[in-house]
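Trainee: Sharing a structure with you now.
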Amino acid sequence: MLHHKLQRLSYGCLYHALFAITGDEAWLEHVDDVSQPRWHARLHAAGLMVMTYWSSELIEQPCPAEFWTVLRERFAALPGVPTHISLLVTVKGLNVGHHIVAVALPVSEDHPAIISDSAKNSLWEMPLADFLLSPWAEAYAVESIAPAEVDAYPEDPGHLYFTEPAGDYAM
């Protein structure tokens, strides 16, 4: 489910978290490049994109506990959902700044949460209740990796949701 390697330096978590989710060791060749825009460009070049579910990195307000419940419920409602959701989770760094870890969040409470924190020696596995009380649940950003291909997603026609004229909302 998740892969794990210990960081050799105090940076490089962007690529370690991506490796943890994809299992592709080629991502680890870039650990010395801490540029987030270059990380995004590399994702795009690989045909991937980031889907953001929570972000408050600028004001550093961790997500509320109920966020995790709502996220799990939304995924549980999807057809063919796996037992875990693979996520990139941004938390407070050990020394300064932010740190990105990979989390396999269980969709039901029957399965444990699994964390690949590249600052730790190995994967961590814990009951969902323990995860929700852990520093890894105090997230400034929660994202997933998805294919960056238009045809990978069904069309979602706006007219099914909005039947009124645009009115004052039009630019």
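Trainee: Name the most mobile residue of Leu94, Leu128, Leu71, meaning the one with the largest mean-square fluctuation, in a Gaussian network model of the chain with Cα contacts below 10 Å.
Mentor: Top of the fluctuation ranking is Leu94.
Trainee: Determine the order of Glu149, Glu125 by accessible area, beginning with the largest, at a probe radius of 1.4 Å.
Mentor: Values: Glu149 110, Glu125 130 Å².
Largest accessible area first, the residues go Glu125, Glu149.
Trainee: Give, in nm to one decimal, the length gained when the segment between His44 and Ala26 is fully stretched (0.36 nm per residue of separation minus the Cα-Cα distance). It would help to have the intermediate numbers written out before the result.
Mentor: Values: separation 18, 0.36 × 18 = 6.48 nm, distance 1.49 nm.
Result: 5.0 nm gained on full extension.
Trainee: Residues in region 21-46, backbone N under 18 Å from the label point at Tyr153 (7 Å along the Cα-to-beta-carbon vector): list them, ranges by number please.
Mentor: 40-41, 43-46
Trainee: With +1 on each Lys and Arg Cβ and -1 on each Asp and Glu Cβ, how big is the dipole of region 25-96 about its Cα centre, in debye rounded to the nearest 20? The partial results should precede the final answer.
Mentor: On the way: 5 positive and 8 negative charges, 42 e Å.
Taking the Cα centre of region 25-96 as origin, the dipole is about 200 debye.
Trainee: If you don't mind, another one. With springs only between Cα atoms under 10 Å apart, run a GNM on the chain and tell me which of Pro154, Pro106, Pro79 wobbles the most.
Mentor: Largest GNM mean-square fluctuation: Pro154.
Trainee: To continue, here is another question. Please check the chain for the longest run free of chymotrypsin sites (Phe, Trp or Tyr not before Pro) that are loop-located per DSSP (anything but H, G, I, E, B) and have at most 11 other Cβ atoms within 10 Å. Write down the numbers at each step before the final one.
Mentor: Numbers: sites that count: Tyr161, Phe162.
The longest such stretch corresponds to 1-160.
Trainee: Then there is this: What accessible area, in Å² to the nearest ten, does a 1.4 Å probe give for His4?
Mentor: Estimated to the nearest 10 Å², His4 gives 40 Å².
Trainee: Using protein chains only and a probe of 1.4 angstrom, how many square angstrom of Val34 are accessible, to the nearest 10?
Mentor: Solvent-accessible area, nearest 10 Å²: 90 Å².
Trainee: Given the Cα-Cα distance of Thr163 and Thr69 and 0.36 nm per residue of separation, how much length would full extension add, in nm?
Mentor: Working: separation 94, 0.36 × 94 = 33.84 nm, distance 3.12 nm.
So the chain would gain 30.7 nm between Thr163 and Thr69.
Trainee: Where the centre of each part is set by its Cα atoms, how far does region 94-139 sit from region 1-73, in angstrom?
Mentor: Spelled out, the Cα-based centre of one part sits 13 Å from the other.
The values are calculated or read from the model by the stated rules, or taken from the named source; none is laboratory data. In this text the structure is predicted, and so the values were computed from the model without any measurement. Note that we place each Cβ from the backbone using ideal geometry, even for glycine, and neighbour counts take in every protein chain shown. For the accessible areas, the whole protein counts, side chains as well, though only heavy atoms, and no ligand, DNA or RNA atoms are used. Shrake-Rupley method; radii C 1.70, N 1.55, O 1.52, S 1.80 Å.
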